[in-house]
Each structure stands twice: as structure tokens, then as C-alpha cells.
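The values are calculated or read from the model by the stated rules, or taken from the named source; none is laboratory data. These numbers come from a predicted model, not from an experiment. Here the Cβ is made from the backbone with ideal geometry for all residues, glycine too, and neighbour counts use every protein chain on show. SASA here: full protein model, heavy atoms, side chains in, ligands and nucleic acids out. Shrake-Rupley method; radii C 1.70, N 1.55, O 1.52, S 1.80 Å.
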Amino acid sequence: MICPKCGRSLPEKINMKITFCPMCGERLFEVGKKYIVEIQCAGQRRPDGDTMKLFVDDRQLYEIIPGENICVLVDSGYHTLKFRHKIRNKSIDLLVNSSYLIKTYYNSLSGLIETSIFKVEESEGGIDTSDLKDKPVAVPIMESEDGTRSFDVILGEDDPDYEIKVTSGFREGTLRLYSERCEFSVEGNFKNEIINYKDVAEVKKKMGSIDIICDGNVHKVYSIPKDTYNEVLAYLTNRISAVRGRE
């Protein structure tokens, strides 16, 4: 981040409550003003609904479809924008004292998220929220009161509630049960078998195993140890019912 007055870089770990530049003493931003950050996501739409996620200060989550733009209304001051595409992340620390245009896209050749940041000229005065007809503000698909941990389920970075050694057919591996999904992994195989509870039609007992029946009559069968069998079955039944009940 750079001071808009002296042009020098601000310290990396600057106190986010500081409103004056520690080098030149000039004001970094005016408290109470609002600005527009417009995000342009380059690329082509894909049939699988491939989207890029945008986290603003780990408080708001937006989704951006390639080829479309969204506008986010933010207060003056320091903000962190984190872009995510599949497993790739890119974070930007932004000192907002004007409106900005950010162009982003996922470079499939390098496997990186690339961004270009442009300051909107003569926008330091801020945005009048009563006159936003030309710039409709996007609505976040999710908001968090306690920060990043609320988004971990979406990102697949939450901790499992259960972790059990199981067998599936001739494969031995680990079944991890999360609040919204379960994952079966085999040592040495980097690709996990993931079942989202929203896609599960039913869970059945099957001779010491659990038969998870997914939409389309797809069966995933796991042999569960006797000492945890009833507990795991009850957990899956309750969580799947809760998730499906929200639809």
C-alpha cells in the first residue's frame, strides 16, 4: 500500500487504525466516505458453472462469473480482497481513498490468479449512496460476523467431526465426516472421493456397512468399525436431513 500524498510504501504491518502517513504526516483517507470497487472477471463461461470467489475482509463473500463485472461498496480505509479459483488464492491489501477498478482472471497456463488494479480518476470525493443507478451494487451471497472461519466450509478447509478408518470394496482408507460433506481418501492417492450431503438421497444399513445413496441412484458403500457404526450412521442421517432440509 502506498501513501497517496508522498508516494512512499506504507509499512507492511501498519496499524489499520492509523489515518495519517507515518512518513509525511498527511491524511491517508477521510473516515466516513464510501467508494466503489468494480471487479471485472475476464474469461469465458463454462458449462460447469466455473466461478471465482471474492472475500472482502473475510466478512463478505461474492461470486463472479467469467465475462461479468460486479461492483462492491466499501468504506474508506484498509481492506483485504481475497480472490479464489478452485484451490488457488490471491490476496490484495488495498488502501481505499478513491474508487478502484480491478481486472482479474485465472491464467490456466500458469495456474495463477492474475490481477490489475486501476485507480478511478477524480473519485476521491466518495460515492453518494443515494445515486447508484449507473453502478448497481452486488449483494454478497454470504456474510460472516466472526471472520474467516465461517467460510471454511465453503472452501473445504474446515476440520472433520469424525475421522474413521474404513474399507470401500478392496480399498482401505480414511472416511472424514464434515458438517456439509464426507470425504474418502486412500493413502498415496491425491484425489479424494467427496460426497456433498445436498446430493444424498438416503443412507441405509448394509451388513455392517453404510450405503450412501446419491442422486441418480449412485451408491457409495463404506465398511465401518463396529464400535463407531451406530454413532456414524446417526451423524450422517442427521446432517444429511439438516442440509437437505435447507433446500
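Just the number: Rg to Rh for the stretch 51-129, Cα atoms, Kirkwood Rh, two decimals. That ratio equals 0.97. With equal scatterers on the alpha carbons only and no solvent term, can you work out the Debye log10 of I(q)/I(0) for the stretch 151-239 at 0.14, 0.15, 0.18, 0.21 1/Å? Here log10 of I(q) over I(0) equals -0.45, -0.52, -0.77, -1.08.
Over the chain, the pair-distance histogram of Cα-Cα distances with 10 Å bins from zero comes to 6, 24, 25, 20, 14, 9, 2, 0 percent, rounded to whole numbers.
Using the heavy atoms of the protein chains alone and a 1.4 angstrom probe, what is the accessible area of the stretch 34-129 per residue in square angstrom?
Details: 4880 Å² over 96 residues.
On a per-residue basis, 51 Å².
DSSP loop (so not H, G, I, E, B), at most 13 other Cβ within 10 Å: list which trypsin sites (Lys or Arg not before Pro) in the stretch 181-247 pass both filters. Write out the running numbers ahead of the final one.
Details: sites: Arg181, Lys191, Lys198, Lys204, Lys205, Lys206, Lys220, Lys226, Arg239, Arg244, Arg246; in loops: Lys191, Arg246.
Answer by residue number: Lys191, Arg246.
How would Asp75, Asp50, Asp227 line up by accessible area, probe 1.4 Å, largest first?
Largest to smallest exposure gives the sequence Asp227, Asp75, Asp50.
Given Cα positions, please report Rg to Rh for the stretch 1-71, the hydrodynamic radius being the Kirkwood one.
1.13
Please work out the Cα center distance from the stretch 1-63 to the stretch 156-218, rounded to the nearest Å. One Cα centre to the other: 39 Å. Based on Cα contacts under 8 Å between residues 6+ apart, the stretch 1-136 shows a relative contact order of 23 percent.
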